[in-house]
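Have a look at the structure below, then the notes.
Since every read-out is calculated from the coordinates, none of them should be taken as a lab result. A quick note: this is a predicted structure, and the numbers were derived from the prediction, not measured. Cβ placement follows ideal geometry from the backbone for every residue including glycine, while neighbour counts extend to all protein chains displayed.
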Amino acid sequence: MDHRFQVSLRGVIDLLSHHLYSSPGVYLRELLQNATDAIRARQHLEPGHTGTVRLELVEKQDGGPPTLVFSDDGVGLTEEEIHRFLATIGESSKREALEARRKDFIGQFGIGLLSCFMVCDELLLVTRSARGDGRTLEWRGRHDGTYGVAESAHPLERPGTQVFLVARPDMAEWFNAERVRTLARHYGSLLPFPIRLTVNGEQERLDSDGAPWRREYASASERRQALLEYGREVFDTDFIDCIPLRSQAGDVDGVAFVLPISPNFNSRQKHRVYLKHMLLSESAENLLPEWAFFVKCVVNANALRPTASRESFYEDDALAQAREALGQGLRKYLMDLAREDPRSLQRLIGLHGLSVKALALDDDDFYRLVIGWLPFETSLGVTTLTEYRRAHPVVRYTATLDGFRQVARVAGAQGLCIINAAYTHDAALLEKLSRVMPDAQVEPFSSADLPQSFEELSMDERDAVFPLLRTAEQVLAPFHCGVTVKKFFPAEVPTLFSSDEDGSFRRDVERARDESDDLYASVLEGVMEAANAEPAQLCFNLHNPVVRRLAAVTDRKMMKLSVEMLYVQALLLGQHPLSAQEMTLLNQGLLGLISAQLGAGGGTGGENDGGASSGGLH
């Protein structure tokens with residue numbers, strides 16, 4: 001034997017109020033939506049019908065809860081439709097029509113009227129159908145799930161529907177005049193027919209003159225000013241520009257506003273979205289591409305599908321196509337700026353550089369337009385890529401911040417312009433340059449490349465530094481570090497430690513091995529043996545006074561100690577973490593230098609070889 005599901009209306013109402021709808025105030029939105037659909041249904045029968053929605057707030061003389069009378073002159077309901085649609089959860093009076101004319105109606109789920117039970121215990125609906133026998137019927141629904149239908153003793157003069165809501169005492173705040181006025185304007189300001197509110201016998205019109213982006217303006221500047229003013233009213237923000245939006249997919253149109261500040265890159269902007277001119281959501285996040293976080297928008301969609309709560313859109317093909325089309329509109333705006341107003345583009349890049357870079361990575365045409373305007377940090381200061389390529393035929397960059405720090409000072413002193421591509425998207429943008437522009441030369445740069453630009457020594461200078469070179473090679477052999485002596489700037493830098501990516505990887509593995517247990521250390525030992533890293537190199541700078549004095553030191557013990565300390569100093573200046581072996585070298589070297597200084601001068605300092613060695617510490 002089959003049994004029917006039993007549905008608790010109280011449970012459904014609790015589900016609506018706590019999980020489906022964002023606040024009790026949506027009851028007014030649902031009433032506006034039902035009225036809008038009813039008027040549009042009547043317009044199918046009577047194409048010349050305009051339609052009006054009326055709200056009247058009635059205060060009780062005895063101080064009891066107020067009553068809201070909500071009226072429309074739409075298509076109305078017959079008795080059969082009342083039983084079918086108002087008493088069956090999940091049924092919709094628009095369902096048949098939706099199949100043929102889905103774009104004309106907002107509602108789809110047949111649960112909108114139940115939202116009124118969040119604010120009142122009983123509903124009285126009075127209706128006369130434009131398709132019926134002319135009778136006026138009353139439907140009285142109660143929150144316990146019971147209802148009654150009877151012919152009204154007070155017939156309506158013309159087709160339409162009235163809904164009477166008596167506020168529950170704990171929900172009276174949702175029925176005061178200012179709250180009703182605010183909610184009606186909030187949800188229905190763009191509806192294409194009049195919305196009138198009557199309070200204490202005084203009537204006012206709540207709807208606006210329609211979507212401001214569809215109005216006619218005397219000039220483009222007047223239109224821009226009007227839209228920016230509208231954006232200020234909606235979002236309470238002074239935007240720097242506005243962008244028209246249009247998508248045939250989803251029948252979407254509206255306006256995007258360019259933010260005056262740069263938001264968090266990981267944040268997603270929340271947009272105000274209308275569905276068939278009824279406010280759907282103020283926090284829609286899935287309407288624009290992820291890279292478009294530099295704008296907030298107001299749009300109306302006529303053919304996108306709302307979720308059950310009617311506070312966002314379903315993720316489907318129509319929404320994906322609309323998102324792509326709106327993204328194309330934003331692309332066009334930026335491309336027009338690049339061609340016609342590059343200064344404005346530079347200002348926008350200054351505010352929203354990450355978004356512009358993300359778009360450039362995604363779109364080759366846009367990349368060609370803006371890449372030259374993007375600013376990059378270099379060893380010679382901040383410059384645009386156009387200025388960089390004008391002065392330097394090869395674009396050289398480091399992909400990490402530590403890598404840039406290791407080379408920036410010395411490279412700048414040699415006149416080498418190296419780009420710091422450690423910022424978000426910068427490395428990918430530079431790597432893309434040669435693919436999009438075949439004439440461009442792009443090369444990664446590391447500290448291992450620096451010595452190639454240094455000045456070589458003369459024969460006499462090589463002879464003079466040979467003892468230093470031989471001692472340094474012996475000292476640094478356990479650290480897999482080669483030695484060379486050259487001349488470079490700035491002169492105050494005594495040494496430069498350089499290694500390529502493989503060499504840096506080997507150092508990281510060595511440090512991990514020293515800090516691991518025996519089992520894992522043996523695994524890392526195998527990794528190190530398999531690595532084909534070129535040895536790192538410590539380059540002594542003969543322009544440096546300390547290095548020149550060190551090359552003349554005859555005390556081999558002091559020379560060895562100074563080389564060890566200069567090696568550690570070069571690692572620290574190059575942002576290289578020290579291994580356990582190098583930390584030991586640092587500690588022993590400091591103690592050795594202190595001991596040597598105390599032995600040489602008794603703690604008073606000296607002018608002899610000890611003083612020269614001490615200079616190696618600076």
Where in region 267-341 are there trypsin sites (Lys or Arg not before Pro) that are in a DSSP coil and have at most 15 other Cβ atoms within 10 angstrom of their Cβ? ARG268, LYS270
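Working out 0.36 nm times the residue gap between ALA177 and ASP362, then minus their Cα-Cα distance, what length gain in nm do you get to one decimal?
Details: separation 185, 0.36 × 185 = 66.60 nm, distance 5.05 nm.
Contour length minus the Cα-Cα distance gives 61.6 nm.
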Using a 7 Å offset from the Cα along the Cα-to-Cβ direction at both GLU229 and ASN587, what is the distance between the two label points in nm, to one decimal? 7.4 nm
Once amide H atoms are built 1.01 Å from N in the peptide plane, which residues 5 or more positions from ASP121, or in another chain, come under 5 Å H to H? ARG168
Contour minus Cα-Cα distance for ARG131 and GLU202 (0.36 nm per residue): 22.2 nm
Computed FRET efficiency, Cβ-Cβ of THR386 and ALA303, R0 41 Å: what is it to the nearest 0.05? 0.40
Quick one: what Rg and Dmax do you get for region 374-450 from the alpha carbons, in Å? 11.3, 32
For region 308-427, report the convex hull volume of the alpha-carbon atoms normalised per residue, in Å³, without decimals. 142 Å³
Evaluate the Debye formula for region 212-345 with equal point scatterers sitting on the alpha carbons, no solvent, and hand back log10 of I(q)/I(0) at q = 0.11, 0.19 Å⁻¹, in q order, two decimals. -0.38, -1.15
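Using a Förster distance of 56 Å, how high is the FRET efficiency between TYR217 and PHE489, based on the Cβ-Cβ distance and rounded to 0.05?
Working: r = 61 Å, r/R0 = 1.09.
Given R0 = 56 Å and the Cβ-Cβ separation, E is 0.35.
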Please list, in chain and number order, the residues 5+ apart from LEU275 or on another chain whose amide H is under 5 Å from its amide H, with Hs placed from the backbone. LEU280, ALA301
Let me check the size of region 158-217 from its C-alpha atoms; what are the radius of gyration and Dmax in Å? 14.3, 48
With label points built 7 Å along Cα→Cβ from the Cα atoms of ASP341 and ASP121, find their separation and express it in nm. 6.0 nm
Row for region 123-194, column shape: gyration tensor on C-alpha, a ≥ b ≥ c, rounded if a/c < 1.5 i.e. under 1.5, prolate if a/b over b/c, else oblate; value oblate
